[in-house]
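Here is the structure we will look at, set down as structure tokens.
The values are calculated or read from the model by the stated rules, or taken from the named source; none is laboratory data. What you see is a predicted model, and the numbers here were worked out from it, not measured in a lab. Reconstructed Cβ throughout: ideal geometry from the backbone, glycine too, with neighbour counts over all protein chains shown. Quick note on the areas: whole protein, heavy atoms, side chains included, nothing else; ligands and nucleic acids left out. Shrake-Rupley method; radii C 1.70, N 1.55, O 1.52, S 1.80 Å.
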Amino acid sequence: MFDKSVYVRRRKTLVAKMAESAAEGKRGIALFVGNAEAPAQYKDNCYKFRQDSTWLYFFGIDEPLFAAVIDLDNGDEEIFADDVEIGDIIWMGPQPSVASKAALAGVEKSSPYGALDNVVSKALAAGRPVHFVTPSRYYNTMKIASLLKCNDAEVAGKFSLALTKAIISMRLVKEDCEIEQLDDASALGHEMHTVARNNIVLGRVEQEIVGRMEAVTLAKGWGVSFPTILTQHGETLHNHLHDKVIESGRLMVIDAGAENNMHYASDFTRTYPVNGKFTTKQRDIYQIVCDCNELAFKLTRPGITYREVHLKTMHLMLEELRALDIVRGNLNNMVEAGVAGLFMPHGLGHGMGLDVHDCEAIGERSFDFSEIAEQAAKSGTCIQRSTWRIEPGTVMTDEPGIYFIPALIDKCRAEGKYKGIVDYEALDAYRDFGGIRIEDDILVTESGSRIIGDRKIPVTVEELEGLKSLF
Ligand code: GLY
């Protein structure tokens, strides 16, 4: 855990933000439900426990079955969890009291888990708003439903937009103590990628590389920050199959990251020619992705909109694809028409922090942004987080890619899409190319941006082809 002052300060800021946004009348209570254990086969054989990220952010206690309420009218805070009894002690050993754990988070009052029901019921009976964010686990949905005395299906519609926005506005701007953790997760991610790269050997099964790579973060951190993508079929964006034998001439996409013991994430992607040298065709496409990755990094600074970074990067991608005679025409028109989405059907990046896709679980992407929708002007590009503010403390990935996805190409061709722009005949030569993605993690600083971590994973063609340890 961080020092308790971190959690105390965050909760005070949250209460102040909620006061600003409160309509006339009662502010109500904010309800936080931490995660419960999730049985894998039977109730005492559970999946590895992962705490809810919003809970971790405000309370830090990394244990199941904790909840809390903050009274937004008077600032009172209370944690709810059960002390262990003899049955637990026999199986788990002696445990610190809930009160002492609450004290580590700077919360003075604690009560048994079951007492939460009374507190929420009283608030409801008094007509006070009960604010909560969209739960990401089904247990939490059921718990909130039982507290609110509604059906599970109704919980999603009752989430608090004010609380969600307040929390996202805080979590998206990283504090110094968080940046240290992200640097730490990055070091682990860097080591994972080094191990993976050094284990690319023709004839080896992909899974063996995955195992060796994931061992790094299991040995020193919490584990992986998302299911590893390691594949010679990078045209499938999230390919979690690792059953292929490494085959001469292929490209291998490795998209993997670490979660450290404080649950901060890293997320890196590199693409390697499995023989150690690119073919001319591979090098040409790789260089475009590399240039886009570099441009997005250079453009990222406080004040620029995410949309602008995205559009300028797509402009460069199309310009370089045009030089290869894959597309033709006016670049602005191509960007406007969304041609880049044929080659890169995903966003240029995402926020990162306690979640590898930070705050997406509570709706960073999906809740109603209608009041700022004007900014999300119609654009031909794919996912756009135009509502993002790029400001000092923003942490985001920079992950352009080019993929030749036969099914998507065929669909667009059959529909006559991008006619006169995309040379579909030229694309026939890329049907078994696969895909290329390059990804770094960026911290926006006061004057520009820096990569997270103290070293970049080798990325240029020269660096990759010159690596002695590779192959
Ligand atoms: N790097 C995996 C993802 O962004 O989902």
**Count of residues meeting criterion [basic (Lys, Arg), open to solvent by 10 Å² or more (accessible area, probe 1.4 Å) and touching a residue at least 24 places away in the same chain (Cβ under 8 Å)] in the stretch 418-445** = 1
**Asked** Residues of the stretch 123-136 being touching a helix residue (DSSP H, G or I) at 6+ places or on another chain (Cβ under 9 Å) and either open to solvent by less than 50 Å² (accessible area, probe 1.4 Å) or assigned to a loop (DSSP other than H, G, I, E, B) (or both), which ones?
**Response** Arg128, Pro129, Val130, His131, Phe132, Val133, Thr134, Pro135, Ser136
**Message:** Quick check on the stretch 358-376. Is at least one of its residues at pLDDT 90 or above and within 15 Å of the ligand (Cβ to nearest atom)?
**Reply:** yes
**Checking Gln41 against (1) among the polar types (S, T, N, Q); (2) at pLDDT 95 or above; (3) not in a helix (DSSP H, G or I), the condition it does not meet** = (2)
**Odd one out for Pro227, checked against (1) open to solvent by 50 Å² or more (accessible area, probe 1.4 Å); (2) away from the ligand (no atom under 13 Å from the Cβ); (3) within 21 Å of the chain's Cα centre (by Cα)** = (2)
**Residues of the stretch 148-164 satisfying the condition of being more than 13 Å from Ala30 (Cβ to Cβ) and buried (at least 17 other Cβ atoms within 10 Å of the Cβ)** = Leu148, Val155
**Request:** Give the residues of the stretch 255-281 that are farther than 30 Å from Glu175 by Cβ and in contact (Cβ under 8 Å) with a residue 60 or more places away in the chain, sorted by residue number.
**Result:** Thr271, Tyr272, Pro273, Val274, Asn275, Gly276, Lys277, Phe278, Lys281
**Asked** Hey, any hits in the stretch 220-229 for a residue that's without any contact (Cβ under 8 Å) to a residue 24 or more places away in the chain and not in a loop (DSSP other than H, G, I, E, B)?
**Response** no
**Request:** Those residues that are open to solvent by less than 10 Å² (accessible area, probe 1.4 Å), over 16 Å from the mean Cα position of the chain (by Cα) and either at pLDDT below 95 or away from the ligand (no atom under 13 Å from the Cβ) (or both), I need them from the stretch 391-404; list them, please.
**Result:** Ile402, Tyr403, Phe404
**Message:** Of everything in the stretch 331-346, what is touching an Asp or Glu at 6+ places or on another chain (Cβ under 9 Å) and part of a loop (DSSP other than H, G, I, E, B)? Give them in sequence order.
**Reply:** His346
**Filtered residues of the stretch 389-417 (kept if more than 20 Å from Ala337 (Cβ to Cβ) and of a type in the set (A, V, I, L, M, F, W, C))** = Ile390, Val395, Met396, Ala407
**Message:** Taking the conditions exactly as written (away from the ligand (no atom under 16 Å from the Cβ), at pLDDT below 85, surrounded by fewer than 15 Cβ atoms within 10 Å (Cβ to Cβ) and of a type in the set (Gly, Ala, Ser)), does Ala407 satisfy them or not?
**Reply:** no
**Message:** Would you confirm, using the coordinates I've provided, whether Met192 is within 13 Å of the ligand (Cβ to nearest atom), at pLDDT 95 or above and over 24 Å from Ala407 (Cβ atoms)?
**Reply:** yes
**Request:** Any residue in the stretch 4-33 that's assigned to a loop (DSSP other than H, G, I, E, B): show its pairings with residues that are among the small types (Gly, Ala, Ser) at Cβ separation under 7 Å, as long as the two are six or more apart or on different chains.
**Result:** Arg27/Ala19; Gly28/Ala123
